[in-house]
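Notes to accompany the following structure.
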Amino acid sequence: MTGKSANAMWGGRFEEGVDAIMTAINASISYDQRMAPQDIAGSRAHAAMLAAQGIITAQDAAAIDTGLQQVAQEIAAGGFPFSAALEDIHMNVEARLTEIIGAPAGRLHTARSRNDQVALDFRMWVRDQCDAAIEGLRALIAAFVAQADAGADWVMPGFTHLQTAQPVTWGHHMLAYAEMLGRDLSRFQDARARMNECPLGAAALAGTSFAIDRAATAQALGFDRPTANSLDSVSDRDFALEFLSASSICAMHLSRFAEELVIWSSAQFRFVRLSDRWTTGSSIMPQKRNPDAAELLRAKLGRIMGANVALLTVMKGLPLTYSKDMQEDKEQVFDAADTLMLALAAMEGMVRDMTAQVPALRAAAASGFSTATDLADWLVRTLNLPFREAHHVTGSLVKLAEDKGCDLPDLTLADMRSVHGDITGAVFDVLGVQNSVDSRVSYGGTAPRNVREQVARWTARLGKEDLG
């Protein structure tokens, strides 16, 4: 089956029409139409520069600008007739501009190629997504900091291998995610700064013989400078890969907390309670409260990592400069950006909504011989035992407690002295979970006073315009 409707925008070279299947492969308007605001902004800046340089007349530039604003309004209103026959957002906009203003529209593409045009549009779109991710991360970090502030001295178990290790504070655990997300935020800021160079003016690949002013268009579009090499300008998709890379690491962090929410909200843990806003029931088991939002995020976030691999795979074998393969860059990034923004918003909602079950946290913190390390440290400090010997003594006491079916604080002093005769009653001062967390005052430790200091630091940092 063939469709014989040649594309008038480039059809002078071709006598026959395009096969319908080829049209389906070739057209990108179904997804790249979301770059319409960036495309129109770039065209308006380009036309203004052409007029300022005397390359087109001021009258033509004014007509182009007026027409482009009308196109933008039509697209925003939702009535724009996007056409697959016109392939992409660039040709759709230009065709409609021609219908509105006639011949002057044909001058817009002077000193420009679709290669630098799409490089510009996509870079501007990704730049906007970096800004959105930064704001989403700021809001999510603030939610974790609020939880940390509320629970600076709530005691909970810290885990290694998902086994009880040592007592920590709720606030300290919350701030661990603030630190992770803070690094994510800085990665988006770094990526944004690096991508903030304007490729417009590189033309197809070699630049142009017209006396254009690339610095002017760069400044008009909010870039720091023009890109320095025309070949690289049209073939570079590092900015998209950096966005996906930063998004993938962020997605991993979000998925880790989603996993913790799934575990913590289970009947076996009962560490947190999520409201009906973020849970669902069972069709058959009326007692169930399923953490579906966290589970869905845990799954959805894998799409971002897949997008990162997919675009790396597209780009890894391409010679300079532009190849049509690069049209496959956008869907991956669009989907990843949508997924990331949904995940950030949903996670912020769950973090602000969740209620820590403080008695259950404390009870769990006191189980599983969680103060064994405190006991070993006491033996080193008080009895001057080498740590390896203290470790052995503590292990023997843990075994004794296991045999008696109790925890370390429940052993009697006589039990303790049966393992090491120099142990005194002062040992019981370090075996309580509150004493344990209060003692962890080293910088970065879990002590409540440390948590409050870090909450203050994060509050001040969030109050700054630049979190770098």
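The values are calculated or read from the model by the stated rules, or taken from the named source; none is laboratory data. Note that the coordinates shown come from a computational prediction; the quantities given were computed from them, not determined experimentally. Note: ideal-geometry Cβ built from the backbone for every residue, glycine included; neighbour counts use all protein chains shown. These accessible areas exclude ligands, DNA and RNA; they are computed on the full protein's heavy atoms, side chains included. Shrake-Rupley method; radii C 1.70, N 1.55, O 1.52, S 1.80 Å.
Pairs are defined by a Cβ separation below 8 Å, a sequence spacing of at least 6 or placement on different chains, a first member in region 430-455 that is of a type in the set (D, E), and a second member that is modelled with pLDDT of 90 or more and assigned to a loop (DSSP other than H, G, I, E, B); the pairs so defined are D438/A447. If you go through region 368-421 and keep only what is within 43 Å of the chain's Cα centre (by Cα) and not in a helix (DSSP H, G or I), you end up with G368, F369, S370, T371, D407.
Looking at the structure I just gave you, is G317 free of Cβ contacts under 8 Å to residues at least 40 places away in the same chain, in the same structural domain as E242 (by the TED database), open to solvent by 30 Å² or more (accessible area, probe 1.4 Å) and part of a loop (DSSP other than H, G, I, E, B)? Judged against the criteria, G317 is a match.
Within region 421-438, the set of residues being open to solvent by 50 Å² or more (accessible area, probe 1.4 Å), within 16 Å of T373 (Cβ to Cβ) and β-branched (V, I, T) is empty.
When I101, I134 are screened for being of a type in the set (A, V, I, L, M), outside the structural domain of R256 (by the TED database) and in contact with a helix residue (DSSP H, G or I) (Cβ under 9 Å, 6 or more places away or on another chain), only I101 passes.
If the condition is being part of a helix (DSSP H, G or I) and over 27 Å from L140 (Cβ atoms), then region 226-270 contributes S230, L231, D232, S233, V234, S235.
The condition of being open to solvent by 30 Å² or more (accessible area, probe 1.4 Å) and under 30 Å from N196 (Cα atoms) holds for only one of Q38, Q33, that being Q33. State which residue is least open to solvent (accessible area, probe 1.4 Å) when the search covers only region 83-97 and only residues that are over 16 Å from E328 (Cα atoms) and of a type in the set (D, E, K, R). So the residue we want is E94. Considering region 16-52, the residues that are outside any helix (DSSP H, G or I) and not aliphatic (A, V, I, L, M) include one that is modelled with the highest pLDDT, namely S28.
Of all residues in region 377-384, at least one satisfies being touching a Phe, Trp or Tyr at 6+ places or on another chain (Cβ under 9 Å), farther than 29 Å from M252 by Cβ, in contact (Cβ under 8 Å) with a residue 40 or more places away in the chain and crowded, with 20+ Cβ neighbours inside 10 Å.
To keep it simple, each residue is scored yes or no on (1) among the aliphatic types (A, V, I, L, M); (2) open to solvent by less than 50 Å² (accessible area, probe 1.4 Å); (3) touching a residue at least 24 places away in the same chain (Cβ under 8 Å).
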site	(1), (2), (3)
R194	no, no, yes
P199	no, yes, yes
A203	yes, yes, yes
A215	yes, no, no
S255	no, yes, yes
E260	no, yes, no
S265	no, yes, yes
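Check region 336-347 and report whether any residue there is assigned to a helix (DSSP H, G or I), open to solvent by 50 Å² or more (accessible area, probe 1.4 Å) and in contact with a strand residue (DSSP E or B) (Cβ under 7 Å, 6 or more places away or on another chain). No, region 336-347 has no match at all.
Just one residue in the set I55, I75, I100 is modelled with pLDDT of 95 or more, surrounded by fewer than 22 Cβ atoms within 10 Å (Cβ to Cβ) and either on the phi > 0 side of the Ramachandran plot or outside any helix (DSSP H, G or I) (or both); that residue is I55. The residues in region 143-167 that are more than 20 Å from V437 (Cβ to Cβ) and crowded, with 18+ Cβ neighbours inside 10 Å can be counted, and the count is 1.
A single entry from S245, S275, S235 fulfils the requirement of being surrounded by fewer than 19 Cβ atoms within 10 Å (Cβ to Cβ), closer than 16 Å to R123 by Cα and among the small types (G, A, S): S245. Does A372 fit the bill of being open to solvent by 40 Å² or more (accessible area, probe 1.4 Å) and either among the basic types (K, R) or out of contact with any Pro (no Cβ under 8 Å at 6 or more places or on another chain) (or both)? Here the answer is no, as A372 does not meet what is asked. Taken over region 439-468, the residue count meeting the criterion of being in a helix (DSSP H, G or I) and open to solvent by less than 70 Å² (accessible area, probe 1.4 Å) is 11. G207 fulfils the conditions (1) within 30 Å of N115 (Cβ to Cβ); (2) open to solvent by 40 Å² or more (accessible area, probe 1.4 Å); (3) among the small types (G, A, S) except for a single criterion, (2). Residue count for region 294-314, restricted to those that are open to solvent by 80 Å² or more (accessible area, probe 1.4 Å), in contact with a helix residue (DSSP H, G or I) (Cβ under 7 Å, 6 or more places away or on another chain) and under 11 Å from L241 (Cα atoms): 1.
When you go through T217, T279 one by one, which is the residue that is outside the structural domain of G136 (by the TED database) and either within 27 Å of the chain's Cα centre (by Cα) or closer than 30 Å to I40 by Cβ (or both)?
Just a single option satisfies the conditions, and that option is T217.
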